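Here the structure comes first, spelled out in structure tokens, and everything after it is commentary.
Nothing in this text is a laboratory measurement; each read-out follows from the coordinates by a stated rule. The structure presented is a predicted model; accordingly, all values stated were derived computationally and were not measured. So basically every Cβ, Gly included, is an ideal-geometry build from the backbone, and we count neighbours across all protein chains shown.
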Amino acid sequence: MERDLQPTSMIVIGGQWGDEGKGKVVDLLSAGVAAAVRFNGGNNAGHTVKFEDRHFALHFIPSGIIHGHVRCYMGAWMVIDPVGVLREIDGLGEQGVDVIGRLALSERATVILPTHRALDGAREAARGAGSIGTTRRGIGPAYQDRAQRRALTTGLLRKPRTFAEHAVRVMEAHNRELGLLYGAEPVDLEAARLELEEAAERLAPLVAEVGPQILGHLSRREPVLFEGAQGVMLDLFQGTYPYVTSSSCLPGAAAVSCGIPVRALGPAVGVMKAYVTRVGGGPFPTELDGATGDHLRKRGNEFGTTTGRPRRCGWFDAAAARYAARVAGLDGIALTKLDVLDDLDEIRVAVRYRGPDGAEYVEPPADLDTLGSLEPVYETLPGWHAETVGTLDAAALPARARAYVEFLERQVGVPVVLVSTGPRREETFILGRSPLAQMLKTLMTGLDQPGQKS
Ligand code: GDP
Ligand code: IMO
Ligand code: MG
């Protein structure tokens, strides 16, 4: 049964292990929205936007910011490094994108301190071979402090001196932990205090209660786009725990983060690559270690936007995608990087897993020991040996590429509504005529308002 679509809002999340191309998709759809909202994570995210010869990497700020008419919001479930956010704002300014005046930051988000970063690094080092492979941006330690109720919230940025003093007290405790538990060097608190106070002075005017502003757009029937970071399989609760991030990457998190009703979110689009990548540790049933994995990494330029680490590459995992679609309630898939498969002779898709006792699994089990004991069951499809880069409509797609997309749709049980065949904004087309496809088309072709610089 088709869900009642809220035509004024839409949520875009990662459907795999992150880096699916969310930045590209959100930027593309932002042509037709009034507001873009990031709701989880921090600068562990790296969202790439490309068009013509322009290239942007967003970490904290919603990818909608590139369109000059879009108002941007950052929700309470985010973790915010004040110095890092300012650096990003200044960097965008240098690239011709004015941020100040168009960005509001929830007063309830969690502050990342320099000592959170140091703790992240020290804990990863202490985990040795069992490390999670975090981005070392302090994400986990900041969320931990939030859960422990000793974190500083962004509302305190409005009082820069008090904020810096509180921050020093929290960092003193962190420094003790760094020394006693990990034998690590303490963070220089005086330098950190000065930097934080200065950052607070500049960020204070951006701090706001974001929920009513977002609902204001919706009540005026102005489209709002919610942008998830990471992906379903990295979700703290529904992902491959403990090899996950420390926030929720699912649509429901956007409502919690912004303090708005779940029904305000609209349909959910899951961005998925035509294959799979993962950065850091943790299970990856369809991982390819040999030449094909290297080919995908090279052709797909699979190196982290945030850390530059090579991404692990593998075949499309329909069992994981089916699971992601179920737990996130995906209404449609935005399939990216189809072009990366262009020169393969054959393409494999894991349609389910099989255990050592012959038992079959159509979704990944939560228990990682069990998951680790399973082998993917593959179906092999013929490659298309033709360039799909920059294909502008479905009719121009090689028949075998089209068959591959339809195979994935059947396996996952969710329609593919958007196909991306290159990193640039313009290298995208909408598939089908469903209400969701129509909505995407409307957003994509939305005329930019005056005042846009890029
Ligand atoms: P995100 O974290 O989901 O926003 O994704 P990232 O930006 O970290 O990684 C996606 C990478 O793939 C970026 O380098 C994009 O420029 C690139 N990309 C996105 N869509 C496509 C596509 O359809 N084809 C190709 N070749 N590259 C793409
Ligand atoms: P975007 O939004 C891919 C991974 C890390 C690590 C785990 C925990 O660009 O898709 P963390 O620093 O969050 O504590 O790391 O999660 N990870 C990502 N992988 N894309 C991301 O973001 C990621 N954010 C975190 O590599 O395995
Ligand atoms: Mg990324």
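At-a-glance table
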| item | result |
| --- | --- |
| Filtered residue count, region 326-349, keeping only those that are within 22 Å of residue 239 (Cβ to Cβ), buried (at least 23 other Cβ atoms within 10 Å of the Cβ) and more than 16 Å from ligand 3 (Cβ to nearest atom) | 7 |
| Options 300, 314; residue that is closer than 30 Å to residue 343 by Cα, over 17 Å from the mean Cα position of the chain (by Cα), within 14 Å of ligand 3 (Cβ to nearest atom) and surrounded by 16 or more Cβ atoms within 10 Å (Cβ to Cβ) | 300 |
| Unmet requirement for residue 309, which otherwise passes all of (1) of a type in the set (D, E, K, R); (2) within 14 Å of ligand 2 (Cβ to nearest atom); (3) within 27 Å of residue 416 (Cβ to Cβ); (4) out of contact with any Gly (no Cβ under 7 Å at 6 or more places or on another chain) | (3) |
| From 40, 44, residue being closer than 28 Å to residue 442 by Cβ, in contact with a Ser or Thr (Cβ under 6 Å, 6 or more places away or on another chain) and within 16 Å of ligand 2 (Cβ to nearest atom) | 40 |
| Elements of type strands (runs of 3 or more DSSP E) in region 34-121, at least 1 residues being surrounded by fewer than 24 Cβ atoms within 10 Å (Cβ to Cβ) | 47-51, 54-58, 71-74, 103-106 |
| Given (1) more than 13 Å from ligand 2 (Cβ to nearest atom); (2) buried (at least 24 other Cβ atoms within 10 Å of the Cβ); (3) within 18 Å of residue 411 (Cα to Cα), number of the condition residue 268 does not satisfy | (3) |
| Which listed residue, of 145, 120, is within 25 Å of residue 73 (Cβ to Cβ) and in contact with a Ser or Thr (Cβ under 9 Å, 6 or more places away or on another chain) | 145 |
| Region 165-204: number of residues that are touching a residue at least 60 places away in the same chain (Cβ under 8 Å) and either over 28 Å from residue 124 (Cβ atoms) or buried (at least 18 other Cβ atoms within 10 Å of the Cβ) (or both) | 11 |
| Subset of region 123-154 (residues that are away from ligand 3 (no atom under 16 Å from the Cβ), surrounded by fewer than 19 Cβ atoms within 10 Å (Cβ to Cβ) and not charged (D, E, K, R)) | 125, 126, 128, 129, 130, 131, 132, 144, 147, 148, 153 |
| Pair list, Cβ < 6 Å and 6+ apart or interchain, from region 57-78 residues that are in contact (Cβ under 8 Å) with a residue 24 or more places away in the chain and among the aliphatic types (A, V, I, L, M) to residues that are assigned to a helix (DSSP H, G or I) and surrounded by fewer than 24 Cβ atoms within 10 Å (Cβ to Cβ) | 61/88 |
